[in-house]
Structure formats: structure tokens, C-alpha cells
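Take a look at the structure set out below.
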Amino acid sequence: FQYLKRFHQGCNLDAFRYEALSVEGSPAECLQLFLLHCGVMDPSWAELRNFTWFLNIQLRDCEASVFCNPDFVQDTLNGF
């Protein structure tokens, strides 16, 4: 949700890192962003769960990758 919220607001996500145990927004706002970005017109709960699960894994792997670390790559992959 933290990534989707900032993406939806047009923020630069290159330097953002997930903040564990921090609470942002309301459950309704979270659900609204998931529905907006999941890519299915009328998703089931299972489709929303799969979307959030896949997104979470991808973002976790991205944060763990040295190639996605702005301190390491500096501006060589700007916008990637």
C-alpha cells in the first residue's frame, strides 16, 4: 500500500523504502487503491489477494536488489 499510495500521488519511488509496522491510510483507502491498480474490472477477493501477494514479492525483491539501490547505481538507471 505504501508504494501504491506514493505511485498514485506521482511521487518518485526510486529512493522510497517500505517502512515495516508503519500504518498509513485507512482500510477503505487501501482497498480503493488495490481495486484501482489490480488490472481486473470486478476482482474477486482471491484476485485481490493474488495481486497484493505478487506485488509484495516483486517490491521486496526490488528493495533487496543491489541493481535497484539508488546509492549503488546512482543516476545510471534513472527512471528505470
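At 1.4 Å probe radius, can you tell me the per residue accessible area of the chain in Å²?
I get 78 Å² per residue for this part.
So for the pair N50, F67, with labels modelled 7 Å out along Cα→Cβ, what separation do we get in nm?
2.7 nm
Testing the spin-label approximation: label points 7 Å from Cα along Cα→Cβ at C11 and A28. State their distance in nm.
Between C11 and A28, the simple spin-label model gives 2.2 nm.
In degrees, nearest 10, range 0 to 90: what is the angle between the Cα axis of helix 27-37 and the longest Cα principal axis of the chain?
Relative to the chain, helix 27-37 is tipped by roughly 70 degrees.
P(r) of segment 1-46 in 10 Å steps, Cα pairs, percent per bin?
23, 51, 25, 1
Given the convex hull of the Cα atoms of the chain, what is a quarter of its surface area in nm²?
Its average projected convex-hull area is 5.8 nm².
For the chain, take the longest principal axis of its alpha carbons; what is the angle in degrees between that and the long axis of helix 45-64, to the nearest 10 within 0 to 90?
The angle comes out near 10 degrees.
The values are calculated or read from the model by the stated rules, or taken from the named source; none is laboratory data. Keep in mind the model is a prediction, meaning the values are calculated, not measured. Virtual Cβ from ideal backbone geometry, glycine too; neighbours counted across all protein chains shown. With ligands, DNA and RNA removed, areas are computed over all heavy atoms of the protein, side chains included. Shrake-Rupley method; radii C 1.70, N 1.55, O 1.52, S 1.80 Å.
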